[in-house]
Amino acid sequence: MSTSSSRVVDVHTHMYPPRYVELLESRDTIPLIRKFPGAEDPRYIILPAEAESLKNIGDDASSSHLPGRPVTSHYSSLKQKIHFMDTHKIDISVISLANPWLDFVASEEAGETAKTVNQEFSSMCAEYPGRLFFFATLPLTAPTDVLLSSIENVKNLKYCRGVILGTSGLGKGLDDPNLLPVFKALAANNLLIFLHPHYGLPSEVWGPRATEEYGHVLPLALGFPLETTIAVARMYLAGVFEQVPSLRMLLAHSGGTLPFLAGRIESCIVHDGHLVREGKVGPGRRTIWEILKEQVYLDAVIYSEVGLKAAIEASGVDRLMFGTDHPFFPPLGSDEQGVWESMSWNREAVEKALGVGSEGMERVMGGNAVEILRLREDEV
Ligand code: URA
Ligand code: ZN
C-alpha cells in the first residue's frame, strides 16, 4: 500500500449490486441478464448496440457468438473488487453503479429502487471504511419531488461523494431546462456529477458490417466518447454552467473528445451568425476552455499519453483523476485474477505524460481525488 501522501485512487470503477442484478434478471428487453443453453455464465446484455445481436440470436445460441458479456464475479462481488484493488495497489475506490443505472425503471418504482441500490452501496463502503466511497444513483424517471428528495437522501449517506449520471437526463438530454432544479440541488449539496455514457450513437452510423464483424469496438471506442462530448456541448450551449456556476462535473473517459475539440467548438460558436445575432457571443461569455478549467474534472481513463496530455492541457493537472473502468475490459489472454491492462495502460499513460514519481503523477494517481472528493481519514 502506498503512503498517505501518495494514495492511489480509482474514481471510475463500477459494481452491479445484488438488487440491481435481480432487476436485470427479471427483464426480457435490454438491459437484461439472460442464460443461454450450453453457456457456462449468464450474459449481461446492456448496450443498445447489443439489442440487434440479441434479436438475431434467438434462444438456441452457440456459445461462441453470444451477445453482451459474461456475468463474472467481477461485476458484483465486493471481495473481487478488493482483490482487484490489492492486486493493482489501489488504496481507495469510488465505486458507482454501472450503466444504464435506473434509466429504464418505471416511474413509480424508481424512487424505492434508488434508495435500495444506494443503501447497498453504503453498506459495501461500510465494510471497508476508508477504502471505499461511492457515487450514488438517481431515480431520473421518478416524479420531480421524488427525484429531489433522493438528492436529500444521498447527501446524508456517509460515504457518498456525488452521483453518477448518464446523458439522457429526464428523457430529453442534459440541456433540458427541467433539469436545472436537479443540477442546482446537486451543486448546493456539494455533490459532484460523474457523467458517464451509455447510449452511444445511432447504430446506423456503424454501417451494416458492424454487428457481425467489428464486435463492440465502434460503439465503445467512439460512440461512448462522442456521446459525452455532445452532452456537455449541449449543456454549454444551453448556458447550464452559467446558470449553475457551482455545478461540478467529472467527465468519463477524459471528457470524451472535448479536450481535442474545444477549439473547434469555440470557432463554430464565434462564427455562428444565429448565435451572434442573438447576442450570445458578446463580451463576458465564458468560453468552453474556461468551463473545462473551472467546472469540469476529467478522469484519466484514456489508455494513452497522447489523449492524456490533451486532457491535462485542457483542464489542468490538478483536475485529472485516475480510473480503471473495472470490471469492464477484463484481460482476455491472461488470468482475470492478475494484472489488467486497464490499470497498466492508464498508469503508463500518466507516467509518460507527467514523469515517473513527479508531483503531477502523484496528483493524478490519487492526490487530486483525495482533495476534490474529500477522502481523507478524518473526512470519513
Ligand atoms: N462498457 C460499458 O457498458 N460500460 C462501461 O463503463 C465500459 C464498457
Ligand atoms: Zn465506466
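Taking Ile269 as the residue in question, decide whether it is without any contact (Cβ under 8 Å) to a residue 40 or more places away in the chain, buried (at least 16 other Cβ atoms within 10 Å of the Cβ) and in a helix (DSSP H, G or I). So Ile269 fits the description; yes. Among the candidates Ala311, Ala238, the residue that is in contact with a strand residue (DSSP E or B) (Cβ under 8 Å, 6 or more places away or on another chain), away from ligand 1 (no atom under 16 Å from the Cβ), at pLDDT 95 or above and of a type in the set (Gly, Ala, Ser) is uniquely Ala311.
Considering Lys280, Lys293, the condition of being of a type outside the set (S, T, N, Q), surrounded by fewer than 18 Cβ atoms within 10 Å (Cβ to Cβ) and not in a helix (DSSP H, G or I) is satisfied by Lys280 alone. Scanning the range 318-351 for residues that are outside any loop (DSSP other than H, G, I, E, B), small (Gly, Ala, Ser) and surrounded by fewer than 17 Cβ atoms within 10 Å (Cβ to Cβ) yields a total of 1.
Every residue in the range 79-107 that is in contact with a Ser or Thr (Cβ under 9 Å, 6 or more places away or on another chain) and away from ligand 1 (no atom under 16 Å from the Cβ), please.
Answer for the range 79-107, where residues must be in contact with a Ser or Thr (Cβ under 9 Å, 6 or more places away or on another chain) and away from ligand 1 (no atom under 16 Å from the Cβ): Lys79, Gln80, Ile82, His83, Met85, His88, Lys89, Ile90, Asp91, Val105, Ala106, Ser107.
Comparison of Arg277, Arg248, Arg264 shows that the only residue that is more than 16 Å from ligand 2 (Cβ to nearest atom) and touching a strand residue (DSSP E or B) at 6+ places or on another chain (Cβ under 6 Å) is Arg248. When the range 367-380 is limited to residues that are open to solvent by 80 Å² or more (accessible area, probe 1.4 Å) and part of a helix (DSSP H, G or I), the one that is modelled with the highest pLDDT turns out to be Glu371. Scanning the range 352-366 for residues that are closer than 14 Å to Gly323 by Cα and open to solvent by 20 Å² or more (accessible area, probe 1.4 Å) returns Glu362, Arg363.
Tally up the residues in the range 221-251 that are closer than 30 Å to Asn56 by Cα and in contact (Cβ under 8 Å) with a residue 12 or more places away in the chain, please.
Of all residues in the range 221-251, those closer than 30 Å to Asn56 by Cα come to 221-228.
Checking the rest, the ones that are also in contact (Cβ under 8 Å) with a residue 12 or more places away in the chain come to 222-228.
Here the count works out to 7.
For the range 268-289, a residue qualifies if it is charged (D, E, K, R) and closer than 23 Å to Leu258 by Cβ, and the qualifying residues are Asp272, Lys280, Arg285, Arg286.
Restricting the first member to the range 191-202 and to residues that are part of a strand (DSSP E or B) and within 14 Å of ligand 2 (Cβ to nearest atom), and the second to residues that are open to solvent by 10 Å² or more (accessible area, probe 1.4 Å) and β-branched (Val, Ile, Thr), the beta-carbon pairs closer than 9 Å and six or more apart or on different chains are Leu195/Thr167. Could you please find all residues in the range 218-233 being open to solvent by less than 40 Å² (accessible area, probe 1.4 Å) and away from ligand 1 (no atom under 13 Å from the Cβ)? Within the range 218-233, Thr229, Ala231, Val232, Ala233 qualify. In the range 11-33, the residue that is nearest to ligand 1 (Cβ to nearest atom) out of those that are part of a strand (DSSP E or B) and closer than 30 Å to Leu320 by Cα is His14. Of the residues making up the range 34-53, not a single one is touching a Gly at 6+ places or on another chain (Cβ under 8 Å), open to solvent by 60 Å² or more (accessible area, probe 1.4 Å), part of a helix (DSSP H, G or I) and not assigned by TED's automatic domain parsing to the domain that holds Leu218.
The values are calculated or read from the model by the stated rules, or taken from the named source; none is laboratory data. As the structure is a computational prediction, the values presented were derived from the model and not from experiment. Cβ sites come from the backbone with ideal geometry, for glycine too, and all protein chains shown count toward neighbours. Quick note on the areas: whole protein, heavy atoms, side chains included, nothing else; ligands and nucleic acids left out. Shrake-Rupley method; radii C 1.70, N 1.55, O 1.52, S 1.80 Å.
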